[in-house]
Amino acid sequence: MGARLVRGGRPGHAGPVLTPSPWWFGPPALHPPAEGTPFDLVLLDRDGTLNVRVPDDYVTRPEDLELLPGAAQAVGRLTRAGCRTVLVTNQRGIARGLMDRDALVAVHARLESLLRVEGGRLDAVVVCPHGHGECGCRKPLDGLFREALRRASWADPARCVMVGDMPSDLEPAGRLGMRTERVAVDRPVGDAVTRLLGPSGH
Ligand SMILES: [Mg+2]
Ligand SMILES: [Zn+2]
């Protein structure tokens, strides 16, 4: 391509600047859900929302990924409701050289297999692998959300929801007009899904 990657893109710099792109794992275009599905997209944070956060560290190996209580059941409910689910996650450990893309893929294969036990499915995964100030996609920037909307051209932000445990998850989604649901230790993801879908009969 010949264009040089300029980190941070200095203002006034003349010449091509390539903003690093998010990593998208999934079909190039997402299919819309069936008529009557309550949301267009349900975007899910990963660490601290679906799986246990590793304090001051990253999940670099599949065996280190541990789901939070109720997470698989919650994603299973979303899948059974017909929702399109997209995992939306910052993984700066890649920029820091603590893991590579293959390791991330292996961690996500384990995540998806644990969700599948309860019938849960992720339709796509979108990742910011970059460091601070390198890109337009590291949350709280909105690049991951814009990428998900770009891949789901039929989606109306007002019919999308972001579920996450940090203000940096919820603020960019809110700025794009999405509904937000906060998860915390005393507000697990299953409760967020109950607020979205109503109480489960089973
Ligand atoms: Mg989180
Ligand atoms: Zn990024």
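A few comments on the model shown:
- Residue that is loosely packed, with under 13 Cβ neighbours inside 10 Å, at pLDDT 95 or above and in contact with a helix residue (DSSP H, G or I) (Cβ under 9 Å, 6 or more places away or on another chain), where the choices are PRO28, PRO62, PRO22, PRO38: PRO28
- PHE39 being under 23 Å from ALA173 (Cβ atoms) and within 16 Å of ligand 1 (Cβ to nearest atom): no
- Residues (more than 7 Å from ligand 1 (Cβ to nearest atom) and crowded, with 24+ Cβ neighbours inside 10 Å) located in region 43-59: LEU43, LEU44, LEU50, VAL59
- Residue tally, condition in contact (Cβ under 8 Å) with a residue 40 or more places away in the chain and over 18 Å from the mean Cα position of the chain (by Cα), over region 34-48: 4
- As a summary of the residue check, GLY201 satisfies the conditions (1) touching a strand residue (DSSP E or B) at 6+ places or on another chain (Cβ under 6 Å); (2) modelled with pLDDT under 95 except for the one numbered (1).
- In region 140-148, the count of residues that are among the hydrophobic types (A, V, I, L, M, F, W, C) and either within 23 Å of PRO69 (Cβ to Cβ) or in contact with a Gly (Cβ under 9 Å, 6 or more places away or on another chain) (or both) is zero.
- Out of VAL161, VAL117, VAL125, one residue alone is under 16 Å from THR49 (Cβ atoms), out of contact with any Lys or Arg (no Cβ under 7 Å at 6 or more places or on another chain) and β-branched (Val, Ile, Thr). It is VAL125.
- Members of region 82-106 found to be surrounded by 20 or more Cβ atoms within 10 Å (Cβ to Cβ) and either farther than 18 Å from GLY143 by Cβ or among the small types (Gly, Ala, Ser) (or both), listed by number: CYS83, ARG84, THR85
- Annotation note: Cβ proximity below 9 Å between a residue of region 49-62 that is more than 12 Å from VAL185 (Cα to Cα) and among the polar types (S, T, N, Q) and a residue that is at pLDDT below 95 and within 14 Å of ligand 1 (Cβ to nearest atom) (sequence gap 6+ or interchain) occurs for THR60/VAL54.
The values are calculated or read from the model by the stated rules, or taken from the named source; none is laboratory data. Just so it is clear, the structure is predicted and the values come from calculations on it, not from any experiment. Backbone-built Cβ (ideal geometry, glycine too); neighbour counts: all protein chains shown.
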